1. Against the conditions (1) closer than 18 Å to residue 600 by Cα; (2) at pLDDT 95 or above; (3) surrounded by fewer than 23 Cβ atoms within 10 Å (Cβ to Cβ); (4) in contact with a helix residue (DSSP H, G or I) (Cβ under 8 Å, 6 or more places away or on another chain), where does residue 731 fall short? Just the number, please.
2. Counting residues that are under 23 Å from the mean Cα position of the chain (by Cα) and not assigned by TED's automatic domain parsing to the domain that holds residue 426, which helices (runs of 4 or more DSSP H) fully inside the stretch 1-114 reach at least 1?
3. Would you be able to say whether some residue in the stretch 250-257 is in the same structural domain as residue 149 (by TED's automatic domain parsing), touching a strand residue (DSSP E or B) at 6+ places or on another chain (Cβ under 7 Å) and more than 13 Å from ligand 1 (Cβ to nearest atom)?
4. Of all residues in the stretch 29-44 being in contact with a helix residue (DSSP H, G or I) (Cβ under 6 Å, 6 or more places away or on another chain) and farther than 15 Å from residue 151 by Cα, which is surrounded by the most Cβ atoms within 10 Å (Cβ to Cβ)?
5. Does residue 443 satisfy being more than 16 Å from ligand 1 (Cβ to nearest atom), touching a residue at least 60 places away in the same chain (Cβ under 8 Å) and under 26 Å from residue 16 (Cα atoms)?
6. Could you tell me how many of the residues in the stretch 180-215 are closer than 11 Å to residue 159 by Cβ and part of a strand (DSSP E or B)?
7. For the stretch 634-656, what are the residues that are assigned to a strand (DSSP E or B) and under 30 Å from residue 431 (Cβ atoms)?
Ligand SMILES: Nc1nc2c(c(=O)[nH]1)N[C@H]1C(S)=C(S)[C@@H](COP(=O)(O)OP(=O)(O)OC[C@H]3O[C@@H](n4cnc5c(=O)[nH]c(N)nc54)[C@H](O)[C@@H]3O)O[C@H]1N2
Ligand SMILES: Nc1nc2c(c(=O)[nH]1)N[C@H]1C(S)=C(S)[C@@H](COP(=O)(O)OP(=O)(O)OC[C@H]3O[C@@H](n4cnc5c(=O)[nH]c(N)nc54)[C@H](O)[C@@H]3O)O[C@H]1N2
Ligand code: SF4
Ligand SMILES: [Mo]
């Protein structure tokens with residue numbers, strides 16, 4: 001059976017078809033060609049969704065203090081705990097911390113329970129860490145959190161400016177749509193504004209490697225330039241906006257002349273001017289922005305400085321033009337629709353507005369309504385730390401890893417009286433601190449809607465039965481609500497009923513004043529809901545086709561219906577580098593992992609691309625820090641420290657280092673980068689400054705390095721430092737240690753195989769600290785251990801491939817301790833194409849030998865890049881390197 005659903009990862013919101021192969025008990029995943037967001041495309045993460053299903057690693061039963069209990073006991077315990085704490089300390093002593101990975105229906109119930117029934121706005125979401133600056137910027141400029149643009153606009157644009165967005169890795173299908181449009185219309189221009197030279201630069205005509213945090217200077221300078229050169233939409237500015245004069249004055253004063261802007265941004269004047277001219281000359285321009293903009297102590301101002309330039313030129317609400325906030329999580333947008341942030345109400349209404357509060361309370365028929373905004377994420381965990389908030393329910397997010405100053409977050413949860421966590425997976429860092437664990441239904445089991453970056457509402461549909469005792473999040477909350485005595489308001493039988501209520505609220509007392517209106521869906525039948533085709537809000541009437549583009553008429557959602565130019569005086573990030581902490585720590589994502597890896601970390605296909613946490617830095621900065629490529633190093637900030645391997649990829653500018661966000665306690669001994677990040681937030685949005693923390697780097701001396709590949713995951717591992725990833729039928733551990741290099745006994749103990757037929761092939765030279773051993777049982781490889789005082793270990797690829805073999809033949813056996821066939825250079829190298837397992841060495845060799853020029857040449861022979869296409873930017877880089 002084929003079920004149409006939506007990918008649970010990024011905000012592109014790709015349509016997916018899940019096809020059950022009942023004979024083999026597997027699920028085949030493919031892109032939905034009928035879905036207007038992706039037209040059949042999927043990236044590497046979407047393609048590997050099938051590998052993340054299954055019961056392995058799932059949280060299947062409720063627990064209280066580590067003991068399995070019945071669902072009823074767990075739910076009653078949560079309800080009683082919340083009730084008691086509210087009775088003793090008031091409603092503000094409890095909180096919910098939720099996520100842009102909830103479905104809209106879950107999110108709606110969470111918000112209703114807290115703001116309408118418990119009567120506190122202490123519900124915040126990980127979208128605070130992600131979209132809140134964009135939300136605040138939209139509200140300041142437009143009066144409402146509206147994204148005017150749709151994906152088609154990217155294809156219609158003549159210039160796309162990607163600001164603080166590594167689109168190639170984080171929104172790969174959008175990137176492919178842009179790349180294809182550019183291929184068809186080579187005159188289309190792309191500018192990337194990012195301190196790093198990311199894979200996204202592969203399609204750029206111009207890269208501006210701006211100094212971290214300098215975007216407001218850049219866009220204020222642009223505003224002044226546009227004005228000076230007469231690129232002003234006078235009529236639009238006069239009839240549809242206000243505040244232009246003041247903004248221009250501030251932009252001019254603060255930005256100064258071009259040279260000053262260039263200095264502030266750390267780029268040369270010529271490049272700056274080239275960008276300004278390009279912007280001026282292309283009326284169809286989209287400025288798409290993501291976390292390099294939002295995650296900053298000036299995040300909201302960055303957003304408004306971008307919007308100001310679009311307002312000045314009237315390039316908004318037109319085909320191929322507008323500011324475009326790309327959403328991170330699959331339902332970042334849906335969460336905003338239901339008012340999931342602590343400072344919002346529901347259906348895009350404002351918590352500070354008494355008439356909105358009355359409207360929502362009337363609609364909900366709720367006993368009370370929160371009177372003021374609640375605690376934003378960072379403040380919320382501070383309040384938990386301080387004992388002011390005494391109970392918290394964390395849902396679909398892993399704050400011990402993902403919040404800034406994350407060691408303090410850990411401590412806060414340790415101190416908290418009642419910590420409830422609902423997750424689909426066991427073993428997360430946050431689960432470890434829960435008093436109550438509730439098993440949540442996962443992707444493929446749950447049913448509801450999500451809204452993507454272009455306001456498109458799509459269905460996530462179940463195609464599998466619920467695992468164990470797992471239940472949808474909305475169901476868990478309704479059960480707790482009822483047990484707290486809120487009988488009315490939470491008697492839903494299914495997601496459809498919740499959706500109808502949500503849609504009805506969006507149109508309730510609206511009269512065209514609020515853009516978010518999906519009243520046209522408020523009466524759809526259960527079958528219509530099940531069959532709902534992807535549709536963009538607003539959908540104000542029944543049978544309405546949806547709205548691809550907003551703000552076309554120049555009517556905005558402020559009281560006077562004019563957009564506001566928001567003054568944005570530039571300011572530097574909160575903490576500066578100094579002699580003690582000379583580098584700026586920038587953090588972000590890699591191509592094949594999703595956040596804290598609870599799902600993607602289980603997919604072997606996704607783990608081979610970048611198998612270890614790393615510290616990317618400029619080669620000269622590495623030298624100044626006395627560390628070198630391939631060696632372990634320690635990064636320290638005022639807040640915390642981690643250890644990872646140094647890499648000098650050539651992508652980093654001088655002065656800044658980059659560490660990926662994904663690794664955590666479940667996958668590495670010491671690589672939670674959240675612990676290092678300063679907890680400073682944007683004063684308007686409350687979004688943390690994840691991209692800018694002063695840091696120092698130093699060698700992490702070890703006496704030995706090694707790796708273990710093993711069919712059976714290790715129960716314990718005696719090493720100073722380790723990281724783990726999932727391979728096909730094995731786990732791979734990279735290890736390093738202090739003290740004496742491991743002995744034969746250590747290796748035997750590590751693999752813990754007490755098999756009578758165990759057959760060790762090994763070599764040990766204690767004097768030089770070398771050990772290599774492979775364990776065979778019935779001629780099948782069970783594991784291998786390689787240790788050396790240096791990092792000169794053999795490639796893991798050949799050894800990894802042995803785990804798929806039923807028997808190891810004589811030739812393989814002879815090559816075991818070499819880590820590969822002697823003499824032959826068959827090591828494919830680091831993985832580039834994870835779909836077909838094609839490595840960098842294979843690619844480089846074949847490109848050089850055959851003098852291939854295009855990705856098509858590569859694809860025809862090696863298949864690399866022909867499935868999901870996520871590796872195409874890397875393949876193009878290799879082709880360029882080979883030519884140049
Ligand atoms: N593979 C993958 N894809 C994902 C995710 C994932 O975990 N993995 N997560 C999803 C989510 S929730 C999100 S929010 C998005 C994030 O998507 P992106 O925002 O594209 O990703 P990031 O890597 O966080 O950061 C983007 C870029 O901002 C740059 N940057 C840092 N400081 C500055 C600055 O001061 N100015 C400018 N202009 N740029 C700066 C960084 O160098 C980085 O390359 O990705 C989504 N997609
Ligand atoms: N240093 C640094 N930190 C960052 C960022 C950064 O750029 N740098 N980016 C920030 C951003 S933009 C984001 S979005 C956050 C993301 O950070 P998190 O939200 O903490 O990351 P995830 O790993 O996605 O956590 C989701 C959890 O929910 C579980 N889950 C999945 N589906 C469901 C479900 O349906 N129900 C329930 N109950 N559980 C589910 C998953 O197993 C997982 O444990 O990280 C933020 N933290
Ligand atoms: S781009 Fe990739 S991760 Fe994002 S929705 Fe599409 S398939 Fe999923
Ligand atoms: Mo995000």
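The values are calculated or read from the model by the stated rules, or taken from the named source; none is laboratory data. Since the structure is predicted, the reported quantities are computational estimates derived from the model, not experimental observations. Cβ sites come from the backbone with ideal geometry, for glycine too, and all protein chains shown count toward neighbours.
1. Every condition holds for residue 731 apart from (4).
2. On the way: elements: 44-47, 71-89, 104-111.
In the stretch 1-114, the matching helices (runs of 4 or more DSSP H) lie at 44-47.
3. Taking every residue of the stretch 250-257 in turn, none turns out to be in the same structural domain as residue 149 (by TED's automatic domain parsing), touching a strand residue (DSSP E or B) at 6+ places or on another chain (Cβ under 7 Å) and more than 13 Å from ligand 1 (Cβ to nearest atom).
4. So the residue we want is 43.
5. Working: more than 16 Å from ligand 1 (Cβ to nearest atom): no; touching a residue at least 60 places away in the same chain (Cβ under 8 Å): yes; under 26 Å from residue 16 (Cα atoms): yes.
Here the answer is no, as residue 443 does not meet what is asked.
6. Within the stretch 180-215, residues that are closer than 11 Å to residue 159 by Cβ and part of a strand (DSSP E or B) number 4.
7. Selection gives 634, 635, 636, 641, 642, 643, 644, 645.
Here's the yes/no breakdown for (1) under 18 Å from residue 690 (Cβ atoms); (2) without any contact (Cβ under 8 Å) to a residue 12 or more places away in the chain; (3) surrounded by 19 or more Cβ atoms within 10 Å (Cβ to Cβ):
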site	(1), (2), (3)
608	no, no, yes
616	yes, no, yes
626	no, no, no
635	yes, no, yes
638	yes, no, no
650	no, no, no
662	yes, no, yes
